[in-house]
Amino acid sequence: MRIGPESAGIEVKGLWKIFGPKAERVLTSDDRLLEPAALRERTGCTAAVRDVSFEVRPGEVFVVMGLSGSGKSTLVRCLTRLIEPTAGEIAIGGDDVLRATPAGLRELRRHRVSMVFQHFGLLPHRRVIDNVAYGLEVQGVAKAARHARAREILTLVGLDGHAGSYPDQLSGGMQQRVGLARALAVEPQVMLFDEPFSALDPLIRRDMQAEIIRLHREVGKTMVFITHDLAEALKLGERIAIMRDGSIVQLGTPEELVGAPADDYVADFVRDVPRSDVLSLRWICREPDEHDSMEGPPLPASTLIKDAVQVATATALPIRVTDGERLVGVVDRVDILAAMAPRQPVTA
Amino acid sequence: MAAEPGLAPPPAFRLPRWAAPAAFTLVLVLAYLLLRGSGTLPHDDDAPQFTAITELREWVDAHKNDSPLFLYFVNYVRLFIGGLFALLQTSLHGLGWPGLIGVMGALGWLAGGWRTGLLAMASLAACGVLGVWTLTVDTLALVGASVLLSLAIGLPLGVWAGRSPRLRRALGPVLDFMQIMPTFAYLAPMVLFFQIGAPAGVAATMIYSIPPAIRITALAIEQVSPTAVEASASLGATPRQTLTKVYLPLARSTMGLAINQTIMMALSMVVIANLINSPGLGSDIIKGLSRENVGLMLPAGLAIVLIGIALDRTTMAASRQRFRPSRVPYAVAAGLAGAGLTFVLPAEWPWVLRTAQPVNEAVRWAERSWFEVTDAIKEAVSLFLLNPLEGVLTSAPWWLVALALLALAWRIGGVRPAVTVAVCVAAIVLLALWEHSMVTLAMVIVAVAATLAIGVSLGILGARSARFSAFQRPLLDAAQTLPAFVYLLPALALFGATRFTAIFASVIYAVPPVVRLVEEGIRNVPPTVVEAALSAGSTPRQMLWKVQLPMARKAILLAANQGIVMTLAMVVLGALVGGGALGYDVVSGFSQRTDFGMGFAAGVAIVLLGIMLDRITQGADRRPPPLRRKSL
Amino acid sequence: MKIRLLAGVLMLGVALAGCGGAKVEDTPSAAPAPSGSASASAQPSAGGTVKIAINPWVGYEASAAVVAYLMKNELGYTVELPEIKEQLAWEGFANGQVDVIIENWGHDDLKKKYIETDGVAVEAGSTGNKGVIGWYVPKWMADKYPDITDWKNLNKYADLFKTSESGGKGALLFGDPSYVSNEEALIKNLKLNFKVVTGGSEAALIKGAQQAQEQQKPLLFYFWDPHWLFSKTELVRVNLPAYTEGCDADPKKVACDYAELDLDKIVSKKFADTGGKAYDLVKNFSWTNADQNQVAMDINDGMTPEEAAKKWVEANATKWQAWIPK
């Protein structure tokens, strides 16, 4: 139907969303710099998104993480103007979203960006297959064609045989698979996930996360994933933006966040993360000194610490950490053990 | 908390909490004793306000055939409504009784399965057996026409209001007004615009039944899951697609309730519409009323209840269940079969049970044998309750009563209700209806007190005994669907034409919803709370007074509120059996040309009284319960 | 039936597409009988349909029943008897909802408007009944207090008539709110210590009067002659200041008794022009108070109006045969 790349990048520059009366006026005055509580006190407005800028590469899984009220859900809704941003620039696949006409915007939502919601947003009066086909129906695709497509997608998400059920006959996890299928059915370039798994049981959540990783491998869409769960963020995200009070406080790879938190807020967040699961050897290797043997086994610098354990147990010699041919440093058992030990509060 | 002045050391002497209100009450009582008889506003049938409205009416009447408003609008509306009604009436009669029963049964089956279908058929057949078939069909046509129009206007408006809070706020008071305005009061203007006959009846019924169509639809739309709406928008649905594919289907079952309520309201209005020569069951009821003939009224009244049951169950089932398209052909076949039988079976309903004679004898017997008791009750209530209250309200200076009302509203609800009350009081005074309003107020107070006493007791009993609840439920159901007119007659037979009769009838009318609300309120007390109270060793009595009733407070207040509105609605009808005051003004305004102005003004005054009482009781509801207030 | 259906649809169309405006006289269904019970319209009749309004007192109903019976059985008309109160019934002349008011009590103001000004109604002669409204007490009271029948002494006995409804004054029981009434003005202008208490219907008046006589209870009430009750219960009229020509001209200043009225029939202009034999029957109809009371009493005793009319018609052939147009 449409000729274009399979996935598209997103560029966001200086995005603001202020709720409340006279939002425009707040934006142009110095009030916008106030703390949230002070801002509300003074103007009755809430700045949900404050001057946010980031880029998502085509095909990337980009995670926005923050606690509730940090503005992450508002941010993701601004991307397709489900919530109208107050100011800023958004481009998806190079097209300016904020200047799009209503028809253009619908076109964008119909074909290029689709979304998965926390509470699924399924239509209880429609069968699963009609829910999945909803996006196509809205586009005006004929019934036979859209049902055929919906069946394919149902197979893809593992819901074969449930096409004729109604949403309330399915478990929560299955319902979210329907939500996922509905988003996939329109073959979007970008998929937005608004805390899709937070309403699910832990076990099912793990399955669904695996499902996302699998799907990403298979269909390779650009994904923007909102979550308040750090473990989820670390698991899925190629890059993670941490939001607080409407602003991004740090944006980086999981390793960067855990290894080099930008401020106390982020540090506090990542304190309980097992570093060995996230950090690679690059973060703990040191310059070899004269005592170190250079005979130890080599490992690439991107190897996770936990994955180096096995090698370390097999040899008493320090492991040589390499980046291609180049030697980055060495790591010995003690370094690995130290990295794996839970961090103690400084006062202890 | 920090700013709480109460944290300062308590003063040596502190007035108890009740001191200020008590002192104020004392001042009011003293003022009354001193000023009694002065500053009253005695009623005058020929107040300039009334004559002005009457003259306006005469002027409109005189220009019916030359004003463009009538020539190009009102008369076309009348012709359109009349045409719609004639169409329905003709088609329903054209189906014949087997056809109509077949169609109703098919619809019932389609909506809710064979039970509903059989119930619908049996209800309709029973109307035939009662000997009121043709009137029943006329009533169905009248209800059908007005419900169709109500829905045609009400549903779109409701959908709009559901998505626009601003419109919702704007519509609120208008709908309140339409619902509290006694139906009698707008019959006269209806006649002025649409003449007597079916169109005016349909229009009046429509006005009465449109508020629930709008309100409940708006609620239904409001309640649609915002995520589903967002999901639809995120997939690029146009607003129209979101409306037809998300809002409407998701709101369907609640909108079914809107339709259901609209039909019920219309049914309760059809009797009154008969006063302006609309056809239907009401004619028998009105005839019965003017001839004190319960036997004549009863079949018609029962037929209305039966139609109500059939339509209620069918629409409720339709809104609850998923639509099964596979059933449509069978239903059509059943309907056709019924219509086909029309050609085989006799055109007239074949078998009628005559009940008038025995019913009348039973009524006469009751009248004779209970007269002593009923008369004593009536006299006691009138002399010891009603007359003193009325005396105080009408002999006190009007501003003193107004002040007391204002203080009450302010004390219970705060500033806003007080302002509303002030506006209402002022308007009543300006309408020159102060004295009659006070007489009506006295009646309403007594009736609401009785309604609450009976309703709350029955509600408590029902909540505590499942068996009692099961026993009273069908009675309450019937009492609620029975047209209000029907209550008037036994009341009249027992108590004669007095204010007490009107009060009695309105108590019967208003008790069922009160019982229901109270019972539900008590049942809805969370079981964990009840368990906790039990484990703390509460006696059943303590449980009731310390746990269940306080927690059902909201429901009881709502019940009081409902009781007031329903009592006011009944007060006008009560005028037909000696209720007097505002209700009588409305009725006579409707039947005497020269009193049109007074009748119309009295209708407005009833609305004002209603809004006033409504706001005061609602104010009580909005206030946080005492416990939380103390801790603040 | 099909034709009426078609007519309904057509009228919808015409109503919407019409030009030049719609008059009050226009009715939605061009076919006969747009409303009313369909039992009447189910069997089309030779002569068409006549609508006789039923006002809420039994004497009226008696006259209407007899006329309706004759129209149906002697002339082959279909008759509808819609229950409409006095003043509203006049409004029905304009748009064809009412053809006949069979017993009209005065109403000079309405005659002026509908007959003279609007020209939608015409008089159709006397019913032969003399009607008079008045205030009555049960016979036992007149026996016990002979001077009570003079209005000047009413205040003396006001306490007797006190009830819980009359607010410390004497009660004057009134009937249906739609009845012709000077009561409020009379009480005010004659300075009587009485209050009008409304019973709401003729039935309430009858019941009150019967109880008052049987149980020897005091009662002052509004009533009228002709009425069958006079033959069952003895009632005595209270003499108000005598009626003189024009003393009731201003309704607010009335201080005299009701005039004796020659009850008459009013029909719509349309019915007078096109009513044919039915109109002639209405015009010829004239009987005595005794005739009416006989039929009314039968109705009150439980007969349907139709049965009561049949009984009278069968017993009084010579009387009604004079009314049937040749």
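The values are calculated or read from the model by the stated rules, or taken from the named source; none is laboratory data. Here the structure is a predicted model, which means the values were calculated and not measured. Heads up, the Cβs are rebuilt from the backbone with ideal geometry, glycines too, and the neighbour counts pull from every protein chain shown.
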message: I'm trying to understand the selection: among the residues of segment C:203-226, which are outside any helix (DSSP H, G or I) and more than 14 Å from every other protein chain (Cβ to nearest Cβ)?
response: C:216, C:218, C:220, C:223, C:224, C:225, C:226
task: Would you tally the residues in segment C:134-183 being surrounded by 22 or more Cβ atoms within 10 Å (Cβ to Cβ), away from every other protein chain (no Cβ under 14 Å) and within 21 Å of the chain's Cα centre (by Cα)?
output: 2
message: Can you tell me how many residues within segment B:369-392 are within 11 Å of another protein chain (Cβ to nearest Cβ) and under 21 Å from residue B:505 (Cβ atoms)?
response: 13
field: segment B:40-56, residues that are in a helix (DSSP H, G or I), of a type outside the set (A, V, I, L, M) and more than 12 Å from chain C (Cβ to nearest Cβ)
entry: B:48, B:49, B:50, B:54, B:55
- request: Kindly provide the set of residues from segment A:65-78 that are out of contact with any strand residue (DSSP E or B) (no Cβ under 6 Å at 6 or more places or on another chain) and either on the phi > 0 side of the Ramachandran plot or within 14 Å of another protein chain (Cβ to nearest Cβ) (or both), ordered by number.
  value: A:69, A:77
query: Has segment C:227-234 got any residue that is away from every other protein chain (no Cβ under 14 Å), modelled with pLDDT under 90 and either in contact with a strand residue (DSSP E or B) (Cβ under 6 Å, 6 or more places away or on another chain) or surrounded by 20 or more Cβ atoms within 10 Å (Cβ to Cβ) (or both)?
result: no
field: Number of the exception - residue A:157 against (1) in contact with a Lys or Arg (Cβ under 7 Å, 6 or more places away or on another chain); (2) within 11 Å of chain B (Cβ to nearest Cβ)
entry: (2)
task: Return a yes/no flag: does segment B:533-553 have any residue that is within 17 Å of the chain's Cα centre (by Cα), crowded, with 23+ Cβ neighbours inside 10 Å and away from chain C (no Cβ under 14 Å).
output: no
- request: State whether the residues of segment B:200-218 include one that is closer than 30 Å to residue B:141 by Cβ and over 19 Å from the mean Cα position of the chain (by Cα).
  value: yes
- line: residue B:414: passes all of (1) on the phi > 0 side of the Ramachandran plot; (2) surrounded by 14 or more Cβ atoms within 10 Å (Cβ to Cβ) but (2)
query: Residues in segment B:227-247: is at least one more than 13 Å from chain A (Cβ to nearest Cβ) and either among the hydrophobic types (A, V, I, L, M, F, W, C) or touching a helix residue (DSSP H, G or I) at 6+ places or on another chain (Cβ under 9 Å) (or both)?
result: no
Options B:162, B:144, B:236, B:154: the member that is part of a loop (DSSP other than H, G, I, E, B) and farther than 23 Å from residue B:587 by Cα: B:236
- prompt: Residues in segment B:435-452: is at least one assigned to a helix (DSSP H, G or I), in the same structural domain as residue B:566 (by TED's automatic domain parsing), in contact (Cβ under 8 Å) with a residue 12 or more places away in the chain and over 24 Å from the mean Cα position of the chain (by Cα)?
  reply: yes
query: Can you name every residue in segment A:245-262 that is touching a residue at least 60 places away in the same chain (Cβ under 8 Å) and either part of a helix (DSSP H, G or I) or surrounded by 20 or more Cβ atoms within 10 Å (Cβ to Cβ) (or both)?
result: A:246, A:248
Given (1) more than 26 Å from the chain's Cα centre (by Cα); (2) more than 14 Å from chain C (Cβ to nearest Cβ); (3) surrounded by fewer than 21 Cβ atoms within 10 Å (Cβ to Cβ), number of the condition residue B:94 does not satisfy: (2)
- prompt: Inside segment A:91-126, can you point out the residues that are more than 10 Å from chain B (Cβ to nearest Cβ) and surrounded by fewer than 18 Cβ atoms within 10 Å (Cβ to Cβ)?
  reply: A:91, A:94, A:95, A:96, A:98, A:99, A:101, A:104
message: I need every pair where a residue in segment C:77-94 that is more than 8 Å from chain B (Cβ to nearest Cβ) has its Cβ under 8 Å from the Cβ of a residue that is basic (Lys, Arg) and assigned to a strand (DSSP E or B), sequence separation at least 6 or different chains.
response: C:79/C:51; C:80/C:51; C:81/C:51
field: Enumeration of residues in segment C:244-254 that are more than 14 Å from every other protein chain (Cβ to nearest Cβ) and surrounded by 15 or more Cβ atoms within 10 Å (Cβ to Cβ)
entry: C:247
task: Evaluate segment A:282-292: report whether one residue or more is modelled with pLDDT of 80 or more, surrounded by 17 or more Cβ atoms within 10 Å (Cβ to Cβ), of a type in the set (A, V, I, L, M, F, W, C) and not in a helix (DSSP H, G or I).
output: yes
query: residue B:373 passes all but one of (1) in a helix (DSSP H, G or I); (2) surrounded by 12 or more Cβ atoms within 10 Å (Cβ to Cβ); which number fails?
result: (2)
field: Residue list for segment B:159-187, restricted to those being over 18 Å from residue B:266 (Cα atoms) and under 20 Å from the mean Cα position of the chain (by Cα)
entry: B:171, B:172, B:173, B:174
- request: Taking residue A:203 as the residue in question, decide whether it is in contact (Cβ under 8 Å) with a residue 60 or more places away in the chain and within 23 Å of residue A:162 (Cβ to Cβ).
  value: no
task: Would you mind telling me which numbered condition in (1) within 13 Å of another protein chain (Cβ to nearest Cβ); (2) over 20 Å from the mean Cα position of the chain (by Cα) residue B:222 fails?
output: (1)
message: Given the condition over 20 Å from residue C:102 (Cα atoms), among the small types (Gly, Ala, Ser) and loosely packed, with under 15 Cβ neighbours inside 10 Å, answer yes or no: does some residue in segment C:285-295 qualify?
response: no
query: Does residue B:66 meet the test of being more than 9 Å from chain C (Cβ to nearest Cβ), in contact (Cβ under 8 Å) with a residue 12 or more places away in the chain and either on the phi > 0 side of the Ramachandran plot or surrounded by fewer than 17 Cβ atoms within 10 Å (Cβ to Cβ) (or both)?
result: no
statement: Among (1) out of contact with any Phe, Trp or Tyr (no Cβ under 8 Å at 6 or more places or on another chain); (2) more than 7 Å from chain A (Cβ to nearest Cβ); (3) more than 20 Å from residue A:141 (Cβ to Cβ), residue B:207 falls short only on (1)
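Residue by residue, here is whether (1) without any contact (Cβ under 8 Å) to a residue 40 or more places away in the chain; (2) outside the structural domain of residue B:303 (by TED's automatic domain parsing); (3) at positive phi holds:
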site	(1), (2), (3)
B:337	no, no, no
B:354	no, yes, no
B:357	no, yes, no
B:360	no, yes, no
B:387	yes, yes, no
B:394	no, yes, no
B:397	no, yes, no
B:400	no, yes, no
B:403	no, yes, no
